[in-house]
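Worksheet: one structure, shown below.
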Amino acid sequence: MGICFRILLFCLSGDAVSEPRVKWAKCSNLHHIQAVGTATRSLAPLLLYANRRDLRIVDVAHEKANATVVVGGLEDAAAVDYVYSQGLIYWSDVSEEAIKRTFFNQSGASTAQTVVPGLAAPDGLACDWLGKKLYWTDSDTNRIEVAELDGSLRKVVFWQELDQPRAIALDPERG
């Protein structure tokens, strides 16, 4: 069995208003994260991905750079997203049937917090950095749900005519 990678490519801007965005084209004004709230200039975006057992980050500017484990010891991480303004990494874990988060901390000292427990199969995940909402798919219950970034005020958005939704993407700037 091969390893499944779920990838989030993001460009970081030093502007406190803007958020990292998924980019597949050339990005401008890119930065490296040094610690929450600080940044230095970089030539390429960072790549954050889930590798079932851990979350890793790599600087794509260095062809032979090794990925750094940001969060390790996971059961079955399926999706990942990042909220730059709060320095939070969110991921869904299918085996633990939950959505979790942690502060991005290069020392590895951060503790994971369960944000949304009691899910059946949380496959897809997307953070709305403007509306401060968390969206996810559940392929067992055939639903798309939403909650605040802290997991409160949870509600079902779609549940009809869905067949095992697995991935989700948002465009917060366009609503």
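The values are calculated or read from the model by the stated rules, or taken from the named source; none is laboratory data. Bear in mind that the values here come from a model prediction, so they are computed numbers and not experimental data. With ideal geometry, Cβ positions are generated from the backbone for all residues, glycine too; neighbour counts draw on all protein chains shown.
Numbers for the structure displayed
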read-out	value
The stretch 104-120, residues that are at pLDDT 95 or above and assigned to a loop (DSSP other than H, G, I, E, B)	Pro117, Gly118, Leu119, Ala120
Residue within the stretch 132-147 that is crowded, with 19+ Cβ neighbours inside 10 Å, more than 22 Å from Pro172 (Cα to Cα) and of a type in the set (Gly, Ala, Ser) present	yes
Selection within the stretch 130-149 - within 20 Å of Val94 (Cα to Cα), in a loop (DSSP other than H, G, I, E, B) and of a type in the set (A, V, I, L, M, F, W, C)	Leu149
Those residues of the stretch 122-137 which are without any contact (Cβ under 8 Å) to a residue 60 or more places away in the chain and over 16 Å from Val80 (Cβ atoms), in sequence order	Gly131, Lys132, Lys133
Residue satisfying condition, being at pLDDT below 95, more than 14 Å from the chain's Cα centre (by Cα) and basic (Lys, Arg), within set Arg41, Arg56	Arg41
Candidates Ser152, Ser85, Ser95, filtered to the one that is part of a helix (DSSP H, G or I) and either surrounded by fewer than 19 Cβ atoms within 10 Å (Cβ to Cβ) or within 15 Å of the chain's Cα centre (by Cα) (or both)	Ser85
